[in-house]
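Just below is one structure, and these are the notes that go with it.
Please treat every number below as a calculation from the coordinates, not as lab data. Quantities reported herein were computed from a predicted structural model and do not represent experimental measurements. Here the Cβ positions follow ideal geometry from the backbone for every residue, glycine too, while neighbour counts run over all protein chains shown.
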Amino acid sequence: MTGAPTCPKKPPQNHENCDGKFVGPEIKALLINKLQMIVYIRSMKRKQYLRLLIGALLVSLGSCTYLPSLKRQATASDNPDTKSYRNHPVLKTYYGISSWYSIKTNRGRTTASGRRLSNGAYTAAHKTLPFGTKVRVTCLFNGKSEILVITDRGPYRKSRIIDVTIGSAQRLGFYSRGITKVKVEVLEWGNWRYKKT
């Protein structure tokens, strides 16, 4: 009788297949390889999950760097000029739109007057007022006001009259709006010259 060999009715002994070939180590190696692959894939999934989680945390922390630090923010009452200029005569008044700027949007700490810019400082930028001029900026939608010193030039949009620091915008209550209508009152003319600090 010719044709393919037939397997015996009883199971093969000593890891032999029906042809009498010894296949135990190969099957064992395949099974071990398969198990190692499963363990590796599971560990990679865990690693990828951890990497995604850590990446998301770093991105969320990285996006917070644009904001001022979480330390105690200065308030209007911390400004030494607030009390001394409370009843001071107003020399000139302007009405218009104010925006805010920061070290990041200014592309550095250097200002047009040579003084260093600080995000929480009581300073502002104006197109024409002399450096060192003290102004009271009043936010018209909530009535909050703050005494600021002109140390920089700007804003460079026709519709805006003053740029305050990001810290001042937070204290005046219009940081999230970006721009707001303000009243700018000149309290004391400045006569600063350029001074690199």
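Applying the selection to region 133-144, what residues are buried (at least 17 other Cβ atoms within 10 Å of the Cβ) and either farther than 17 Å from I179 by Cβ or among the charged types (D, E, K, R) (or both)? Hits for region 133-144 are T133, K134, V135, R136. For G108, the criteria (1) out of contact with any helix residue (DSSP H, G or I) (no Cβ under 8 Å at 6 or more places or on another chain); (2) touching a residue at least 60 places away in the same chain (Cβ under 8 Å) hold in every case but one, which is (2). Residue by residue through region 150-170, note down the ones that are touching a Lys or Arg at 6+ places or on another chain (Cβ under 7 Å) and crowded, with 20+ Cβ neighbours inside 10 Å. Within region 150-170, T151 is the sole residue that qualifies.
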